[in-house]
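First the structure, in the form of structure tokens, and then the observations on it.
The values are calculated or read from the model by the stated rules, or taken from the named source; none is laboratory data. Source: prediction; values computed, not measured. Heads up, the Cβs are rebuilt from the backbone with ideal geometry, glycines too, and the neighbour counts pull from every protein chain shown. Each accessible area value is taken on the protein alone, full model and side chains, heavy atoms only, with ligands, DNA and RNA left out. Shrake-Rupley method; radii C 1.70, N 1.55, O 1.52, S 1.80 Å.
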Amino acid sequence: MLETGGTARDLVGFVLPESGGLVESTDPARPYVLLDADGATVKPVDMFFAELQACGRPPATVRSYGMDLLRWWRFLAGWGLAWNRVTRMDARDFARWMQVAPKPVRVHWRRRHEEASTPPPARPLAGVPNAVSGRAAPGAMYSARTRVHSEAVLRSFYAFHLEEGTGPIINPFPEGRNRRRPPGAGRSFHVPSGGRYRPSVPTRSPRRIPDHRFNELFAALKHNRDRALLAFWVSNGARAEELLTSRQRDPLPGDQLLGVVRKGTRAYQQLPSSLDAFVWLRLYQEESWRAGTPRDPAAPLWWTLRRPFRPLNYHAARAMLNRANALLGANWTLHDLRHTAAYRMARDPELALTDVQWVLGHAHLSTTQIYLNPRELHQTGEKPQVARSRGESEGLKRSYELAA
């Protein structure tokens, strides 16, 4: 129990209400709309989304920001708080709640019509690595990266309304106490970034799929479309959603190039891809056209396999990979394929690191350099080579001589 503003708050026992929602819109000027508990548009968030769009943020970023704002709006509704009257103590309680409270279990739409007595599927234990991939499963609590993103979004949301004069006179999510430059410090003095309630995030090495595990994953796929997707992801290093932007005019098998739209800059870029990927692509296209998908250079390249045919989206592609994971008992992700491609390219002696940077679409070379770090042995399946001492080596040498 916590005494806040004269009222008791049980942060551990607080249950986030499932009120409101983030709705995708058909209006290109409003890609996403946040609705409150009454189904009305939340105007302050609508203004913030317009600011993000004016700054050139893609719809995927608007959706990402909207999910954090939806969580905050539900927190406010649960405690009966007005968004423009919250204090830093309320923001602090929200940051603490995300540390101590489990994530709400979202019921799949197919299970909502089942009996209420049916228990939800159990979550895998956090921190326990998967036997195949070595990746620890997401836990029941909010991760540090989720809390960092939420704090940054809410801090920028209130900073925007503070400048507009439409929100509180003080940002409830303040910047860190050590953000100010000391008196007499030069321009080279490094000012730490981040907010006061921003948690520390542990350094995480890029994860790649070892070759023998990738062969198992590839063999678990049942359709040529899925094989083509995996072959492109692991050869050109495109992000999952970037590959899905390709049109039927974008593959150039003769040049081994595939055009995609970059996630951040929205720039069109042709990426070198493996020859095998184009072979699987051709097999998929012939099957898809015979089934009745549109055959038009301007039409999307990737389609669903069942009628009514629809352009393939990220969630359907992830479901495809999850089905293969279920057969193998693994938990690989689509982003692991990008890490795998980057790892292979960064260790190719015929590729300069700046070329790898261009292919991956990194803004800074330092981001590409993380793929040169020593690989983790539990990801590759290799046995560590332990350096023997001189005495142990001499003992082994003598035993070999005696045996001879």
- request: Residue by residue through segment 304-321, note down the ones that are assigned to a helix (DSSP H, G or I) and either open to solvent by less than 50 Å² (accessible area, probe 1.4 Å) or over 25 Å from Pro59 (Cα atoms) (or both).
  value: Ala316, Ala317, Ala319, Met320, Leu321
message: Please determine whether any residue of segment 247-261 is touching a residue at least 40 places away in the same chain (Cβ under 8 Å) and surrounded by fewer than 17 Cβ atoms within 10 Å (Cβ to Cβ).
response: yes
- prompt: Taking Leu301 and the conditions (1) closer than 23 Å to Ala137 by Cα; (2) crowded, with 16+ Cβ neighbours inside 10 Å; (3) of a type outside the set (S, T, N, Q), which numbered condition does it fall short on, given that it satisfies the others?
  reply: (1)
task: Tell me, yes or no, whether segment 20-39 has at least one residue that is within 19 Å of Ser150 (Cα to Cα), of a type in the set (S, T, N, Q) and over 19 Å from the mean Cα position of the chain (by Cα).
output: no
Filter result for Tyr65 (more than 20 Å from Glu164 (Cα to Cα), hydroxyl-bearing (Ser, Thr, Tyr) and surrounded by 13 or more Cβ atoms within 10 Å (Cβ to Cβ)): no
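Could you check, for segment 58-75, whether at least one of its residues is assigned to a loop (DSSP other than H, G, I, E, B), under 20 Å from Leu22 (Cβ atoms) and of a type in the set (Lys, Arg)?
No: segment 58-75 contains no residue that is assigned to a loop (DSSP other than H, G, I, E, B), under 20 Å from Leu22 (Cβ atoms) and of a type in the set (Lys, Arg).
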statement: How many residues of segment 259-274 are out of contact with any strand residue (DSSP E or B) (no Cβ under 9 Å at 6 or more places or on another chain) and either farther than 15 Å from Ser235 by Cα or at pLDDT below 95 (or both)? The answer is 4
query: Does Ala277 satisfy being part of a helix (DSSP H, G or I), under 28 Å from Thr368 (Cα atoms) and either within 26 Å of the chain's Cα centre (by Cα) or not charged (D, E, K, R) (or both)?
result: yes
statement: Just one listed residue, out of Arg266, Arg295, Arg282, is touching a residue at least 24 places away in the same chain (Cβ under 8 Å) and more than 21 Å from Arg227 (Cβ to Cβ), and it is Arg266
query: Filter segment 141-175 for residues that are in contact with a strand residue (DSSP E or B) (Cβ under 9 Å, 6 or more places away or on another chain) and either exposed (fewer than 13 other Cβ atoms within 10 Å of the Cβ) or of a type in the set (Asp, Glu) (or both); which is modelled with the lowest pLDDT?
result: Glu175
message: Can you pull out every residue in segment 19-47 that is assigned to a loop (DSSP other than H, G, I, E, B) and of a type outside the set (Asp, Glu)?
response: Ser19, Gly20, Ser25, Thr26, Pro28, Ala29, Arg30, Pro31, Ala37, Gly39, Ala40, Val42
message: Can you go through Ala91, Ala50 and tell me which one is in a helix (DSSP H, G or I), out of contact with any Leu (no Cβ under 8 Å at 6 or more places or on another chain) and either touching a residue at least 40 places away in the same chain (Cβ under 8 Å) or open to solvent by less than 70 Å² (accessible area, probe 1.4 Å) (or both)?
response: Ala50
Boolean, Gly329 is on the phi > 0 side of the Ramachandran plot and under 18 Å from the mean Cα position of the chain (by Cα): no
